[in-house]
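Asker: The structure follows.
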Amino acid sequence: MDTNVLVSGLISHRSPPRSIVDGWLDNLFTLVTSPYLIEEFNHVLTDPPIASRLRLDHQELTAFLSALLLQTEIASGQLTLPGVTRDPKDDAVVACAVESKADAIVSGDGDLLTSDGYEGIRVYTPQQFFALLQDGQAPKPTQ
């Protein structure tokens with residue numbers, strides 16, 4: 001999952017991103033990430049406008065960050081794919097998916113969504129991926 005989906009899932013309790021986060025925590029699919037994406041997520045969570053919208057207390061946030069480190073497949077982050085997307089920040093998402101051999105990327109980012117995927121890795125909106133989860137058809141693992 002792209003950082004925007006994780007953050008949206010923490011902010012909104014009744015949304016496809018939240019249902020996807022809950023599905024991951026319930027082991028319905030394997031979430032893959034990389035050191036860069038974990039760092040990006042931590043940075044976003046400390047951004048004052050985002051931090052003020054989070055509906056998690058310190059203990060819940062700590063538990064979520066622990067799950068992010070313990071319940072994910074963490075790619076080494078050695079692969080770089082400069083220029084593979086329109087936005088250089090999104091290159092890390094695609095590189096993580098390729099490096100970990102993910103089947104899918106879940107993102108709300110328009111730059112990623114306008115692509116046709118990469119090397120067989122399909123890009124889904126949160127709504128599309130949520131529908132797959134409901135049907136029991138979520139690809140594994142998912143970035």
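The values are calculated or read from the model by the stated rules, or taken from the named source; none is laboratory data. Quick caveat: nothing in here was measured; it's all calculated off a predicted structure. So basically every Cβ, Gly included, is an ideal-geometry build from the backbone, and we count neighbours across all protein chains shown.
Asker: Name the residue that is modelled with the lowest pLDDT, counting only residues in segment 54-74 that are within 19 Å of Asn4 (Cα to Cα) and part of a loop (DSSP other than H, G, I, E, B).
Answerer: So, considering only residues that are within 19 Å of Asn4 (Cα to Cα) and part of a loop (DSSP other than H, G, I, E, B), the one modelled with the lowest pLDDT is Arg55.
Asker: A further question follows. Any idea which residue in segment 86-143 is modelled with the lowest pLDDT, counting only those that are polar (S, T, N, Q) and farther than 22 Å from Asp22 by Cα?
Answerer: It comes out as Ser115.
Asker: Conditions: (1) assigned to a loop (DSSP other than H, G, I, E, B); (2) without any contact (Cβ under 8 Å) to a residue 24 or more places away in the chain; (3) farther than 18 Å from Gly110 by Cα. Pro49 meets all but one. Number of the miss?
Answerer: Every listed condition holds for Pro49 apart from (1).
Asker: Is it the case that Thr3 is surrounded by 20 or more Cβ atoms within 10 Å (Cβ to Cβ), of a type outside the set (Asp, Glu), closer than 23 Å to Gln127 by Cβ and over 13 Å from the mean Cα position of the chain (by Cα)?
Answerer: no
Asker: Moving on to the next point. Could you list all residues from segment 14-46 that are part of a helix (DSSP H, G or I), over 20 Å from Gly136 (Cβ atoms), free of Cβ contacts under 8 Å to residues at least 40 places away in the same chain and not hydrophobic (A, V, I, L, M, F, W, C)?
Answerer: The answer is Glu39, Asn42, His43.
Asker: Would you confirm whether or not segment 77-99 contains a residue that is closer than 14 Å to Thr3 by Cα, touching a residue at least 24 places away in the same chain (Cβ under 8 Å) and polar (S, T, N, Q)?
Answerer: No, that holds for no residue.
Asker: Follow-up. Name every residue in segment 6-22 that is over 15 Å from Gln134 (Cβ atoms) and within 11 Å of the chain's Cα centre (by Cα), in order of residue number.
Answerer: The answer is Leu6, Val7, Ser8, Gly9.
Asker: Of the conditions (1) modelled with pLDDT of 95 or more; (2) in a loop (DSSP other than H, G, I, E, B); (3) surrounded by 13 or more Cβ atoms within 10 Å (Cβ to Cβ), Gln78 fails just one. Which one is it?
Answerer: Of (1) modelled with pLDDT of 95 or more; (2) in a loop (DSSP other than H, G, I, E, B); (3) surrounded by 13 or more Cβ atoms within 10 Å (Cβ to Cβ), only one is false for Gln78: (3).
Matching residues to (1) under 21 Å from Val44 (Cβ atoms); (2) in a loop (DSSP other than H, G, I, E, B); (3) of a type in the set (Phe, Trp, Tyr):
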| site | (1), (2), (3) |
| --- | --- |
| Ala92 | yes, no, no |
| Cys96 | yes, no, no |
| Lys101 | no, yes, no |
| Ile105 | yes, no, no |
| Asp116 | no, yes, no |
| Val123 | yes, no, no |
| Gln128 | no, no, no |
| Leu133 | no, no, no |
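Asker: Okay, moving on. Being of a type in the set (D, E, K, R) and either within 17 Å of Gly108 (Cβ to Cβ) or without any contact (Cβ under 8 Å) to a residue 24 or more places away in the chain (or both) is the filter here, so list the residues in segment 122-140 that pass it.
Answerer: Once the filter is applied, which keeps residues that are of a type in the set (D, E, K, R) and either within 17 Å of Gly108 (Cβ to Cβ) or without any contact (Cβ under 8 Å) to a residue 24 or more places away in the chain (or both), segment 122-140 yields Arg122, Asp135.
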